[in-house]
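Here, each number is a calculation from the coordinates, and none is a lab measurement. Because the structure is a prediction, the values reported are computed rather than measured. Don't worry about glycine lacking a Cβ; one is built from the backbone with ideal geometry, like all the others, and counts go over all protein chains shown.
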Amino acid sequence: GIKLVPDEGRLTGRPSASGIFAVAVTVTDDGQPALTDHRAFTLEITAPFGLVFDAPETGSPPSFRFQALAGERYEVQYSDRLESAAWRFLAAVDADVDGWQSVALPPNPGNGSLFLRVLWVR
C-alpha cells in the first residue's frame with residue numbers, strides 16, 4: 001500500500017490497486033498554541049508504468065518504449081550516474097494516443113552505465 005511519511009511530507013510505497021481515492025491530511029505544529037490545517041484531495045492511481053528495451057536492428061540505435069497517456073507530454077532524460085544532479089535531456093514526447101512511445105537511446109556514456117528517467121510534464 002501507500003503511506004504518508006510525516007517527517008518527509010511525501011507519499012511512498014507501491015499501490016495495490018488502481019482507482020480514484022479520497023485523501024485527507026491534517027497537520028498540527030508543536031507551537032503554543034498549536035496550529036492545525038486540513039486538506040482534502042483526490043489521488044488517482046493508474047496502471048503500472050511500463051518500460052521495455054528493444055534490441056536494435058542492424059544499423060539502428062538501441063531504443064526503449066514506455067507507456068504514455070494520450071494528450072500528455074513527457075520529457076526523457078539520461079545520466080551516467082543515478083545520483084547525478086546533472087540529468088541530460090534526451091527527448092520530448094507528446095503522446096497523441098494511449099500506448100507505447102519509442103525513444104532512441106543516447107550513445108553509450110564513458111563509464112558504461114546508463115540511467116533513464118521519464119518525467120510527466122504538467
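Side notes on the structure shown:
- With Rh defined as the Kirkwood radius, the inverse of the mean 1/r over Cα pairs, the Rg/Rh of the chain is 1.10.
- Altogether, the Stokes-Einstein calculation at 4 °C and 1.567 mPa s, with the Kirkwood radius of region 22-84 over Cα pairs as Rh, returns a diffusion coefficient of 75 µm²/s.
- Ranked Ile20, Ile45, criterion: other C-beta atoms within 10 Å, fewest first: Ile20, Ile45
- Region 2-45: radius of gyration and largest Cα-Cα distance (Dmax), Å: 13.1, 41
- Shape box of region 51-121 [Cα atoms, principal axes, largest first, Å]: 36, 34, 15
- Farthest toward positive dipole pole in the chain [+1 Lys/Arg, -1 Asp/Glu at C-beta], among Thr28, Gly71, Thr12: Thr12
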